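Have a look at the structure below, then the notes.
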Amino acid sequence: MKTMILILSMLLSFTNCNSDNGAKEQDNSIIGIWKLIETYGSDGGSNPLWTPVDNGYTYTFHENGSFTSDRFSECSEGNYSISGNTLTLDYGCDGFTAGIEIPEGIFVEKYIFKNENMILSPSYMNCDEGCEYKFKKIGQ
């Protein structure tokens with residue numbers, strides 16, 4: 001009887017260790033290619049909502065701390081750093097500015113990972129109802 005209980009315990013333990021119950025782990029790595037798929041904001045009313053984006057811009061984050069992006073035609077590369085949940089994008093082109101960031105060429109974003117997406121919330125913009133940008137990972 002003890003042998004049977006031991007065998008059943010081992011089988012249950014083995015089954016629990018190898019079962020993922022269909023769950024997929026969230027990949028919380030920024031490394032890879034991210035495409036803008038939705039924006040969150042308001043049209044001036046009091047009901048902000050997510051709006052799909054056609055042909056959104058991309059960011060490609062590399063392990064060495066560099067990035068490329070097609071967000072701005074005037075500058076497409078730079079370096080990034082992460083501190084806590086803050087992402088700092090330092091575009092590397094001399095004299096580059098989009099006119100919305102301070103200091104010029106540096107964009108500071110709060111970021112989170114949610115439902116396999118990365119959500120960026122700019123600290124350089126004043127959005128009364130909030131503004132966020134949802135990115136989907138499309139490649140490594």
Please sort by residue number the GluC sites (Glu not before Pro) in the range 20-124 whose DSSP state is loop and whose Cβ has at most 14 other Cβ atoms within 10 Å. Glu25, Glu63, Glu74, Glu104, Glu116
By the gyration tensor of its Cα atoms, with a ≥ b ≥ c the square roots of the eigenvalues, what is the shape of the range 49-140: rounded for a/c under 1.5, prolate for a/b over b/c, or oblate? rounded
Taking the Kirkwood radius as the inverse of the mean 1/r across Cα pairs, report the Rg/Rh of the range 29-98. 1.03
Give me the distance in nm between label points sitting 7 Å out from Cα along the Cα-to-Cβ direction at Ile100 and Ser46, one decimal. 2.6
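Based on other C-beta atoms within 10 Å, arrange Ser66, Ser83 from fewest to most.
Working: Ser66 14, Ser83 8.
With the sparsest Cβ surroundings first, the list reads Ser83, Ser66.
Where a number appears in this text, it was derived from the coordinates with a stated rule and is not lab data. Keep in mind that this is a model prediction, so the values were computed, not measured. We place every Cβ from the backbone using ideal geometry, glycine too, and count neighbours over all the protein chains shown.
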